[in-house]
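As structure tokens, the structure follows; a few thoughts come after it.
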Amino acid sequence: MKNKLLNNTDKKSSLQGINSTVINIDNSEVLDIFGINNENIEFFENNLPLKIFQKGNQLIIQGNKKNTDILKNAITQTISEKKMNKAVNNNINSMQENLKKSMSNDIKNINITKTVKLDVVGKSKLQNTYLEILQKKQIVFAVGPAGTGKTFLAVAAAVSQLLEKKFDRIILSRPAVEAGEKLGFLPGDLKEKVDPYLRPLYDSLYDLMPSEIASRKIQSSEIEIAPLAFMRGRTLNNSFVILDEAQNATHNQIKMFLTRCGKNSRMIVTGDPSQTDLTKRGDSGLLRSIKILSDIEGVSVINFGQKDIVRDEMVTKIINAYDSYDDQIKDLFDQKN
């Protein structure tokens, strides 16, 4: 076993002249990070050019910043997964799997987005870039298949920046587009009719903030969750604004949304162009808006792919199968024409 326990004298002599980082691990997370009988510490040293020392609940890491950041990213991700109570196969060491992912992504700068409940990090290089852009750009388009973190990471950035008082409020919006069910046939008043369309935004919010804090901020209008139609005629100052499921918004609706942007506001537009619920697919304004606006300074476009999917592996298989089928159908029509 390569794991080393340091006393105070050994620690001082070992760290002289070497770049060192100390990571403190909570008691509840020690087993997940260190592994059974500290097996993960040996795994870290075998896979990264680092020297790892354990002192109580501390990890003392010696090595260059790039490799230290890779290990810190894996540790942060493992802790986040534990806090979200994600089910992990008992045969899989989550910490070791997250380290492998961080190494394969070759993440240079780790962007940690801190919220009340979680420290959120990107699970892929592009997700990490996305978190960085969400701190800088005024308008961001994020497109790609389901499970790539488009909405969750945007909401995490919004919550983090609200807590840092960079913005006065968060506005989360979606088009209330009927997907096989008519709004008029749903029971209840207007709010009760549209709330099911907005539920995924509530879910993301409650993953990042205790429900009582989220509810209090919703009541005080620090956080607003509303259908896209409610944005018309407003000017949104000092706001972090997210339009989700934008593939279900028309060209004019997206234009209306973006022109609500006021002073010191950030606007994020997310969607999957392949999954529009509009009657006519061509009515979707998402790709057209990206084409029109992508060259403007202050606008960024993130194109997520299948390698960025972070949901269950089955989601990737499903998307691959549908993409393959769509390609076959397209080829069939091309041959007929």
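Some observations on this one:
- Restricting attention to the range 27-54, the residues that are farther than 11 Å from Met95 by Cβ and of a type in the set (D, E, K, R) add up to 3.
- Top-ranked residue of the range 153-165 - restricted to ones that are touching a residue at least 12 places away in the same chain (Cβ under 8 Å) and surrounded by fewer than 20 Cβ atoms within 10 Å (Cβ to Cβ), ranked as nearest to Val299 (Cα to Cα): Gln161
- Within the range 267-294, the residues that satisfy the criterion of being acidic (Asp, Glu) and more than 26 Å from Gln161 (Cβ to Cβ) are Asp277, Asp283.
- Summed over the range 18-33, the residues that are crowded, with 16+ Cβ neighbours inside 10 Å and part of a helix (DSSP H, G or I) give a count of 3.
- Tallying residues that are modelled with pLDDT of 90 or more and either hydroxyl-bearing (Ser, Thr, Tyr) or not in a loop (DSSP other than H, G, I, E, B) (or both) within the range 249-283 yields 19.
The rows are residues; the columns are (1) in contact with a helix residue (DSSP H, G or I) (Cβ under 7 Å, 6 or more places away or on another chain); (2) more than 14 Å from Ile170 (Cα to Cα); (3) among the β-branched types (Val, Ile, Thr); (4) part of a strand (DSSP E or B).
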position	(1), (2), (3), (4)
Ser215	no, no, no, no
Ile225	yes, no, yes, yes
Phe230	no, yes, no, no
Arg234	no, yes, no, no
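- Hey, Leu243 in contact (Cβ under 8 Å) with a residue 40 or more places away in the chain and closer than 24 Å to Gln135 by Cβ or not: yes
- In the range 248-266, residue nearest to the chain's Cα centre (by Cα) [restricted to those that are within 18 Å of Val155 (Cα to Cα) and either among the basic types (Lys, Arg) or surrounded by fewer than 23 Cβ atoms within 10 Å (Cβ to Cβ) (or both)]: Arg266
- Residue that is modelled with the lowest pLDDT [pool: residues in the range 287-337 that are closer than 30 Å to Glu132 by Cβ, part of a helix (DSSP H, G or I) and among the hydrophobic types (A, V, I, L, M, F, W, C)]: Val315
- Scan of the range 236-248 for residues that are farther than 16 Å from Pro175 by Cα and in a strand (DSSP E or B), ordered by number: Leu236, Ser239, Phe240
The values are calculated or read from the model by the stated rules, or taken from the named source; none is laboratory data. No experiment lies behind these values; they were computed from the predicted model shown. A quick note on method: Cβ atoms are made from the backbone with ideal geometry, for glycine too, and the neighbour counts reach across all protein chains shown.
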